[in-house]
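Student: Structure below; questions to follow.
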Amino acid sequence: MFSNKKLLFLATPAVLYTAFYFIYPTITLVISSFTGGDTLISNYQYVLSDPYYIQSILNSVVYGFGISLFGITASVAVAILMYSISGSRVQKTLQLSTYTPYLLSWVVIFGIWNAIFQPSGLMNILLINLGVIDIPIQFWASGIFSKIAIIIMTVWKDLGYNALIFYIALLSIPTSLIEAVSLEKDTVSNKVKSVYIPHIRSTILVMFMLIFVGALKTFDSAYIVSNSINKEFVQTPAVYAYESGVIEGNTHIADASSMIFLVICLILLVLVRKGTEKYE
Amino acid sequence: MKKLLSLLSLALVILAGCSSTSGAKDTGGCEEDGAVQILSNLHVKSSDEASAWSDYVSEELGFDVELTYIEDEYDTYVKSAYSSDLCYDLIYTAQPFMMGDEYALPLDSYINDSEILSDETIIPSKAYDNLKQFSSQESIYGIPNKNEGNLVLTYRQDWLEEFGMEEPTDLAGWRQYMEKANEEYDAYGFISTELYDIQPFMSTQGVQFGLVKDEQGKWTVPYESDDAVVVYDWLGQLYDDGLYEPNMLTNGSDDMRNMMMADGVATIGYWDTWVGLMNDKMAESNPDFKVIGAKTMVDEAGNGYTRAGNPGAFLVNKNTQKIDQDIKVLEFLHSPAGDLLTTAGIPGVDYNLEGDDVVFTSEGIEHGADHGVPRSLNKNYVHPYSEFSLQGAEESAEKVEDYSFIATQSVDGVDYWTDIEQIIYKYGIKSIIDPELTGQDAVEGMRSEIDPILDELNQ
């Protein structure tokens, strides 16, 4: 067995790595967020008085809950479907078709959606030909539509990946248990309620937290979908920090906005953790 | 263990707080030895070509030069390079906020001492003035890169001639031309990316893009003035009548160019260099295709405004340790050999010399004689080749030259325009696509959000 000193020695590279590549940059970020203004807190005052930033936080929270709740539901459903037909050619086709979007870049995904929903896109052509509208609908000018589109596109993109994780969790259910339940409760809904969901509950909770955190940090999709009209309804703090820091060159403002959002994320995570504790 | 971690944390805090104020000179990662490091997203088309570019320039100058080419997210990369002490001695940028002490070295004295950089025929003083105005700095923080050109209303000259019409000089005339193009070719009249391209129409009302000082010396935004209402209403009417291509919220500039070259639209607001590039590109497939830029339109008082391109420049890193070599590189780029390099490309890669003749390789043809400088600042420079003549570009530029201006977007190093522009687009586009909203509603909406920004700016 190693002594404590030896263990500490072995852990040193990892500690140093973390210190210089995570703690040090974080400390410089904190210091930067307090500098460059008239007072120590002027960057924070500026950010917190900016209605666009406040709205971006609300948008992010909507993405957090929307993407995680809708995403978990859809991917668990797909996983159960794959498990039910496990080994068949249909299952493999389903797995491939749901996983493929995960490999696509956001530019491609938005391109597909834009081809459908832009004014000269398929949806408008269909509606005009059916006589429902005369002038094309500007879907991307609608904040609500754009926000829902971001949630659906994200869920669609990650569906196969998330479903695969749940599918693997389902594969660990003992065959004997399935056979026993099949004798007593042979309907699918009974199996889902009494076997599948309880068995993958801990996986669901872990995935919920991971997807929730990822959704709070939404950047690519919000940046690509954003335009002058829908911007305030789709922008997230990550986009806000990018635009303040990189586009406008106000790094101290960007750092302050990142710090505020970091704290909000931690609070939200604690609340969500508390809320899900009873299901463990 | 706790003590150890506490000490480590304390050391990191001190390190973080004092990293830029310690006794040793902070050179931001720049070194005295080694190659002159250059960063650009413009002067080559790939990392492989960057390597060939570096070899060629090193051989010409007699010292090592290394060009790094970043294709995507260039501005993010530049910022990251500074924050991580990754030193580039020369950095190409078109960002006004970078043209100041925080990032760059003031170059006034170096320009005065250089025969090439101070030569009016090679780099016109107007190019330096534009740079100073753009960056809102008293000093010059970069060496202008190219003839930036102007945003001109580009139309199909072949169609106009076919319709038997003269070049329109007012909104009514343009509408007539667009209607005719729609009838004859089923083409849209106008296409834009958001409202980036409407300055030629705004000029008919004497309205200027960007921040403009009024007679009292206060900053104003003419795009939110009553004079602009006519243009928003006129564009809204084009949209309602199906003459305004409707995808302005998602269009990119390539969509505009492609649609024009595919006979899909009659007019675009775009850079005059592209007049030449489009004519060159279409010369073989459609010899009848000919686009040209329109003259600047003026209001009743004779005021007209054509927007000049934001000046891009090579900055010298404030931390550079090789200033003499940096200046030599910049002088080389503005020499005849540099002009050939930044247009035709690298000898042996983009072209080969057969006697005095430049013979383009397939790669050179693909690159279209644009390696960062489609049109040189040096008006005396003549390309030693006949291809890529940019037919119509010079003529288009001359038609608007007298009314050309650099838009003011930042004041005292602070970028006010990014936010203001978004507000203009938001209300302007809403008024165009929503029949219930008028141009007057648009400017009132703009004022509700822009005026507080102007109040802060004018304090």
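The values are calculated or read from the model by the stated rules, or taken from the named source; none is laboratory data. Quick caveat: nothing in here was measured; it's all calculated off a predicted structure. Using ideal geometry, Cβ is built from the backbone for each residue, glycine included, and neighbour counts are taken over all protein chains shown.
Student: When both residues are 6+ apart or on different chains and their Cβ atoms are under 9 Å apart, which pairs have a first residue that lies in the stretch A:124-137 and is more than 14 Å from chain B (Cβ to nearest Cβ), and a second that is aliphatic (A, V, I, L, M) and surrounded by 11 or more Cβ atoms within 10 Å (Cβ to Cβ)?
Tutor: Close Cβ pairs (under 9 Å, with a partner that is aliphatic (A, V, I, L, M) and surrounded by 11 or more Cβ atoms within 10 Å (Cβ to Cβ)) amount to A:V132/A:L126.
Student: Run down A:I41, A:I72 and say which single residue is surrounded by 12 or more Cβ atoms within 10 Å (Cβ to Cβ), more than 14 Å from chain B (Cβ to nearest Cβ) and farther than 30 Å from B:S84 by Cα.
Tutor: Checking each option against the conditions leaves just A:I72.
Student: Please work out if B:M260 is away from chain A (no Cβ under 14 Å), out of contact with any Gly (no Cβ under 8 Å at 6 or more places or on another chain) and under 28 Å from A:N227 (Cα atoms).
Tutor: yes
Student: Considering only residues of the stretch B:239-257 that are assigned to a loop (DSSP other than H, G, I, E, B) and within 19 Å of the chain's Cα centre (by Cα), which is farthest from the other protein chains (Cβ to nearest Cβ)?
Tutor: Top of the filtered list is B:G252.
Student: Then there is this: Scan the stretch B:64-102 residue by residue and report those that are buried (at least 22 other Cβ atoms within 10 Å of the Cβ), facing chain A (nearest Cβ under 9 Å) and assigned to a loop (DSSP other than H, G, I, E, B).
Tutor: Selection gives B:Q95 alone.
Student: Being surrounded by fewer than 20 Cβ atoms within 10 Å (Cβ to Cβ) and of a type outside the set (A, V, I, L, M, F, W, C) narrows it down to one residue among A:T154, A:T175; which is it?
Tutor: A:T175
Student: Could I ask something else about it? Search the stretch B:388-431 for residues being among the aliphatic types (A, V, I, L, M) and surrounded by fewer than 19 Cβ atoms within 10 Å (Cβ to Cβ), and hand back the single one that is farthest from the other protein chains (Cβ to nearest Cβ).
Tutor: Step by step, filter the stretch B:388-431, then rank; the result is B:V411.
Student: A further question follows. Can we say B:V207 is assigned to a loop (DSSP other than H, G, I, E, B), modelled with pLDDT of 95 or more and within 24 Å of B:Y177 (Cα to Cα)?
Tutor: Yes: the conditions hold for B:V207.
Student: Looking at B:V212, B:V230 in this structure, which one is part of a strand (DSSP E or B) and surrounded by fewer than 24 Cβ atoms within 10 Å (Cβ to Cβ)?
Tutor: B:V212
Student: Please state which of the following conditions A:I173 fails to meet, knowing it meets all the rest: (1) in a helix (DSSP H, G or I); (2) under 30 Å from A:L81 (Cα atoms).
Tutor: Single failed check for A:I173: (1).
Student: Same structure, new question: Before we move on, is A:K191 closer than 30 Å to A:Q55 by Cβ, in contact with a helix residue (DSSP H, G or I) (Cβ under 7 Å, 6 or more places away or on another chain) and of a type in the set (K, R)?
Tutor: no
Student: Could you tell me which of the residues A:K231, A:K193, A:K278 is charged (D, E, K, R) and either buried (at least 20 other Cβ atoms within 10 Å of the Cβ) or within 14 Å of chain B (Cβ to nearest Cβ) (or both)?
Tutor: A:K231
Student: I need the full set of residues from the stretch A:1-15 which are facing chain B (nearest Cβ under 9 Å) and under 30 Å from A:D255 (Cβ atoms), in order please.
Tutor: The one that is facing chain B (nearest Cβ under 9 Å) and under 30 Å from A:D255 (Cβ atoms): A:V15.
Student: Another question, then. Could you tell me which of the residues A:S258, A:S244 is within 14 Å of chain B (Cβ to nearest Cβ) and either at pLDDT 90 or above or surrounded by fewer than 16 Cβ atoms within 10 Å (Cβ to Cβ) (or both)?
Tutor: Exactly one of A:S258, A:S244 is within 14 Å of chain B (Cβ to nearest Cβ) and either at pLDDT 90 or above or surrounded by fewer than 16 Cβ atoms within 10 Å (Cβ to Cβ) (or both), namely A:S258.
Student: Another question about this same structure. Would you point out the residue of the stretch A:232-249, among those that are of a type outside the set (A, V, I, L, M) and touching a residue at least 60 places away in the same chain (Cβ under 8 Å), that is nearest to B:V78 (Cα to Cα)?
Tutor: Within the stretch A:232-249, the match that is nearest to B:V78 (Cα to Cα) is A:Y240.
Student: If A:N43 satisfies every condition in (1) outside any helix (DSSP H, G or I); (2) in contact with a His (Cβ under 7 Å, 6 or more places away or on another chain) but one, which is the exception?
Tutor: (1)
Student: Take the stretch B:164-204 and flag every residue that is over 27 Å from A:A141 (Cα atoms) and in a loop (DSSP other than H, G, I, E, B).
Tutor: Passing the criteria: B:G164, B:M165, B:E166, B:E167, B:P168, B:T169, B:D170.
Student: Same structure again: Taking A:V213 as the residue in question, decide whether it is of a type in the set (V, I, T), within 14 Å of chain B (Cβ to nearest Cβ) and within 30 Å of A:V246 (Cβ to Cβ).
Tutor: no
Student: When the stretch B:181-231 is examined, which residues are found to be within 14 Å of chain A (Cβ to nearest Cβ) and among the aromatic types (F, W, Y)?
Tutor: Hits for the stretch B:181-231 are B:Y188, B:Y196, B:Y223.
Student: Now a separate question. Could you tell me whether any residue of the stretch B:127-134 is in a loop (DSSP other than H, G, I, E, B), more than 14 Å from every other protein chain (Cβ to nearest Cβ) and modelled with pLDDT of 90 or more?
Tutor: no
Student: Moving on to the next point. What is the one condition in (1) more than 23 Å from B:G312 (Cα to Cα); (2) touching an Asp or Glu at 6+ places or on another chain (Cβ under 8 Å); (3) not small (G, A, S) that B:H367 does not satisfy?
Tutor: B:H367 satisfies all of (1) more than 23 Å from B:G312 (Cα to Cα); (2) touching an Asp or Glu at 6+ places or on another chain (Cβ under 8 Å); (3) not small (G, A, S) except (1).
Student: Also, quick follow-up: Looking at (1) of a type in the set (S, T, Y); (2) at pLDDT 95 or above; (3) within 18 Å of B:Y305 (Cα to Cα), which one does B:Y270 not meet, given that it meets all the others?
Tutor: Going through the list (1) of a type in the set (S, T, Y); (2) at pLDDT 95 or above; (3) within 18 Å of B:Y305 (Cα to Cα), B:Y270 breaks only (2).
Student: Any idea which of B:S118, B:S114, B:S136 is in contact with a helix residue (DSSP H, G or I) (Cβ under 9 Å, 6 or more places away or on another chain) and farther than 25 Å from B:T342 by Cα?
Tutor: Answer to the check: B:S136.
Student: Run A:I264 past the list (1) surrounded by 18 or more Cβ atoms within 10 Å (Cβ to Cβ); (2) aliphatic (A, V, I, L, M); (3) under 30 Å from A:S49 (Cβ atoms) and report the number of the one that doesn't hold.
Tutor: (1)
Student: Still on this structure: Do you know which residues across the stretch B:445-459 are of a type outside the set (S, T, N, Q) and surrounded by fewer than 15 Cβ atoms within 10 Å (Cβ to Cβ)?
Tutor: Correct list: B:D451, B:P452, B:D455, B:E456.
Student: Oh, and also: Out of all the residues in the stretch A:98-117, is one or more more than 30 Å from B:I429 (Cα to Cα), more than 14 Å from chain B (Cβ to nearest Cβ) and either among the hydrophobic types (A, V, I, L, M, F, W, C) or in contact with a Ser or Thr (Cβ under 6 Å, 6 or more places away or on another chain) (or both)?
Tutor: yes
Student: Regarding the stretch A:82-90, can at least one residue be identified that is small (G, A, S) and at pLDDT 90 or above?
Tutor: no
Student: Give me the residue from the stretch B:309-324 that is surrounded by fewer than 19 Cβ atoms within 10 Å (Cβ to Cβ) and not aliphatic (A, V, I, L, M) and, out of that set, modelled with the lowest pLDDT.
Tutor: B:N310
Student: Output the residues belonging to the stretch B:432-451 that are more than 21 Å from B:A407 (Cβ to Cβ) and within 11 Å of another protein chain (Cβ to nearest Cβ).
Tutor: B:I432, B:I433, B:D434, B:P435
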